[in-house]
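This report refers to the structure that appears directly beneath it.
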Amino acid sequence: MKIAITGLGGIGKTQLALEFAFQQKELSDCAVFWISCVNSETIDQAYRIISRELEIPGHNDAQLNVKELLRDYLSSDNSGRWLLVFDNVDDLSVWEDNTSPSSRGLLDYLPKNDIGTIVFTTRDNRAAFKLASPNVVNLSEMDESTSQQLLKNYLGNEDLVKAEEDTRILLERLAYLPLAIVQAASYVNMNQTTLQDYIQLLDKQEAGQIELLSKDFNDDWRYQSIQNSVAKTWLISFTEIKKRDPLASEFLSFMACIDSKDIPRSLLPRPSSLPEAREVEAIGTLTGYSFITKHTTGNAFSMHRLVHIATRNWLRAEETLDTWTDKAVTRLADALLEPDQTDRAQWRSCMPHAHYILTLNAGPYDYNSLLLMLFKRYGDCLYYEGRYKEAEINHEELVKIFKTTLGADHPGTLTSMYNLASVYKRQGRWDEAEKLGAQEMEACKAKLGADHPDTLSSISNLATVYQSQGRWDEAEKLGAQVVEARKTKLGADHPDTLTSMSNLALVYESQGRWDEAEKLEAQVVEARKTKLGADHPGTLTSMSNLASAYRNQGRWDEAEKLEAQVVEARKTKLGADHPDTLTSMSNLALVYESQGRWDEAEKLGAQVVEASKTKLGADHPDTLTSMSNLALVYESQGRWDEAEELGEHVVEAYKTKLGADHPDTLTSMNNVAIVWKNLDRHADALEMMQSCVEARNRVLGLNHPNTKNSAAWLTEWEE
């Protein structure tokens, strides 16, 4: 019978084979023979020694093949029970000699006998199946309990293991790899340190980790001629893979320069002309050595943490780490190109790897560097993902770099300022967005001209800031200007023209001009469906805006149908916690409230409030809007105390964040006044509504629907 034990270097294959040998020796009258396959010389030497010990006739005759003699003897009936172990079978060329028709490999010298057993240990899973299929034992990492026992067995001071948290952290850092655990115990014993000391050393810079994992130690169960450290034990495999499968070596080198977890197969640097079968074989080589594990889908991989560190050290020694890092940066920058236009699933899967490289190679970055290109595109992805705080840090750094390198009025600098202003706007920091946006707009006009596409984008961005600030007349003026200019410059169906039309429709809606808003937004929806597709984020934004127009007109069934469609599409396209998805959910909750479906409105509204707090922060305008909407639901349910508590909080937060005269602040004041009236706080309600009406007259105008609504309540209460 033939058995193969396979697994990552240092996983314990030799130890398992030794344990099996001891058991066979104790359970039966069994002869055990051990052959180290470190190289062909050790194999030849082992055959000679075993033949001599067995006193096989002819073993001293130089004319005879000692391998044939041992094979024939162990295959004979008078050999007795035996176990033959071939340890470290990692070079298959020794076993399959194809140099000439008459040449023979070790496979030809394996004995065959029903009372004999052959055991192979190998790092190469494919070698294991070739030699002993189907009897292959694949060793995986140990569980925490077994790892803890191993550490305890090797530590000179068993009391150290009683520090449970330190033990857990150390074993996790060492990925439960037996060799790494034994090496750590040896270091602690020799230096009289603690587990916590060792953890702190591991958590230092990568060079420090490598130094620690490269330290040799004595182990009676390992060959004296082989270096025992974790980092060094894999060098043989790295070299063997590079020689045997160059593409696998390239994949390994590439993976070592990005994050070790969730590596998309599509990211691997395979030349387009290379057959897919060759890629499959290269991946098979790496999985065969247990350096990577394939996810169940087969479209992503993870690399063993310690292998990742050791591979980087190998590349550093080979003086190729910088070269491979540049290749990884270029590949990722290509994958993150124009993230708003490409498959989100693809660039989302690449973002952790970009973050890994950028963290490892922190700026400031040179203007012409590959890293700066990746840094910029990563920042764009953060913005489109709704991760605005991280995007802010990124874009602020880009503005500094461009200003220093190119000058304050360079088009590249102006673009970076535009992007940063967009981040501020999304964060609800409208005063900062206005200041930076106005500065960038004036610079664009001076540098590029008033009708340049970049200038028009700046004007459009500033108009949306005015819209958010409740400065609707100014927003309308700028917005209408951009619409006409873009129609002339770019065409009526250009995506940028459609964006400016959608923004103008939002202004109309805020002004209470709902028929005009509906007409313009419906036009944009159809054009975007044709131009961009039904599930494009821009199309979904227009559909959501149109649903809001329907809701304001009291066309609740149409609003519900359209907004529900947007919610599902945004969940799929953007994710359930994306700010735009949360906005749609909040709008849908408002529709439910208008339809009298208060339980559904409350459930959905409460969900949005919590998600917005987590994603955007408790004082973000969008979070406050969702809280205001939820308070409105409580009001409809007659839960006046809860409506009062939440509503009052929103009023104060709006005053602080947006100002006392902002339209959203005035809406929340109107709602709180109604709650107070129902709680019999008549004087307070009357005073609040009077303030609201006066402010709405001043800010919105006498004819705005919201002003008329508040005035109607006030008239009724004063009678």
Of all the residues that make up segment 12-29, how many are of a type in the set (A, V, I, L, M, F, W, C) and touching an Asp or Glu at 6+ places or on another chain (Cβ under 7 Å)?
1
For residues that are over 13 Å from residue 496 (Cα atoms), of a type in the set (A, V, I, L, M, F, W, C) and in a loop (DSSP other than H, G, I, E, B), tally how many sit in segment 521-543.
1
Tell me yes or no: at least one residue of segment 292-305 is in contact with a Ser or Thr (Cβ under 9 Å, 6 or more places away or on another chain) and in contact (Cβ under 8 Å) with a residue 60 or more places away in the chain.
yes
Expected single match for crowded, with 20+ Cβ neighbours inside 10 Å and on the phi < 0 side of the Ramachandran plot among 436, 448 is 436
Answer residue from segment 44-60, given it is in a loop (DSSP other than H, G, I, E, B) and farther than 20 Å from residue 104 by Cα and is nearest to the chain's Cα centre (by Cα) among those:
54
Considering each of 51, 79 in turn, give the residue that is of a type outside the set (Asp, Glu) and either surrounded by fewer than 13 Cβ atoms within 10 Å (Cβ to Cβ) or farther than 26 Å from residue 135 by Cα (or both).
51
Quick one: would you say residue 63 is more than 20 Å from residue 129 (Cα to Cα), part of a loop (DSSP other than H, G, I, E, B) and out of contact with any Pro (no Cβ under 9 Å at 6 or more places or on another chain)?
yes
Flagged in segment 161-194 as in contact with a Ser or Thr (Cβ under 6 Å, 6 or more places away or on another chain) and farther than 23 Å from residue 7 by Cα, in numbering order, are 161
If I ask for residues that are more than 14 Å from residue 428 (Cβ to Cβ) and hydroxyl-bearing (Ser, Thr, Tyr), which ones from segment 596-627 would you list?
614
Quick check, is residue 237 crowded, with 18+ Cβ neighbours inside 10 Å and either modelled with pLDDT of 90 or more or in a helix (DSSP H, G or I) (or both)?
yes
Matching residues in segment 1-32 - criterion: being surrounded by fewer than 17 Cβ atoms within 10 Å (Cβ to Cβ), of a type in the set (S, T, N, Q) and closer than 24 Å to residue 141 by Cβ:
23
Looking at the structure I just gave you, is residue 67 out of contact with any Asp or Glu (no Cβ under 7 Å at 6 or more places or on another chain), of a type in the set (Lys, Arg), surrounded by 13 or more Cβ atoms within 10 Å (Cβ to Cβ) and closer than 30 Å to residue 182 by Cβ?
no
Take segment 706-719 and flag every residue that is loosely packed, with under 13 Cβ neighbours inside 10 Å and of a type outside the set (A, V, I, L, M, F, W, C).
715, 716, 718, 719
Looking only at residues in segment 125-140 that are surrounded by fewer than 17 Cβ atoms within 10 Å (Cβ to Cβ) and under 28 Å from residue 170 (Cα atoms), which one is modelled with the highest pLDDT?
138
Residue list for segment 492-520, restricted to those being in contact (Cβ under 8 Å) with a residue 60 or more places away in the chain and assigned to a loop (DSSP other than H, G, I, E, B):
511, 512
Mind listing whichever residues of segment 506-539 are closer than 19 Å to residue 463 by Cα, of a type in the set (D, E, K, R) and out of contact with any Asp or Glu (no Cβ under 9 Å at 6 or more places or on another chain)?
513
So, residue 71, is that one of a type in the set (D, E, K, R), in contact with a helix residue (DSSP H, G or I) (Cβ under 6 Å, 6 or more places away or on another chain) and under 18 Å from residue 109 (Cβ atoms) or not?
yes
Every residue in segment 326-357 that is at pLDDT below 90 and either over 28 Å from residue 531 (Cβ atoms) or charged (D, E, K, R) (or both), please.
338, 340, 343, 344, 348
Being surrounded by fewer than 19 Cβ atoms within 10 Å (Cβ to Cβ), β-branched (Val, Ile, Thr) and modelled with pLDDT of 85 or more: is that true of residue 169 here?
yes
For segment 600-626, what are the residues that are free of Cβ contacts under 8 Å to residues at least 24 places away in the same chain and either in a helix (DSSP H, G or I) or more than 30 Å from the chain's Cα centre (by Cα) (or both)?
600, 603, 604, 607, 609, 610, 613, 623
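The values are calculated or read from the model by the stated rules, or taken from the named source; none is laboratory data. Because the structure is predicted, anything quoted here is derived from the model rather than measured. So basically every Cβ, Gly included, is an ideal-geometry build from the backbone, and we count neighbours across all protein chains shown.
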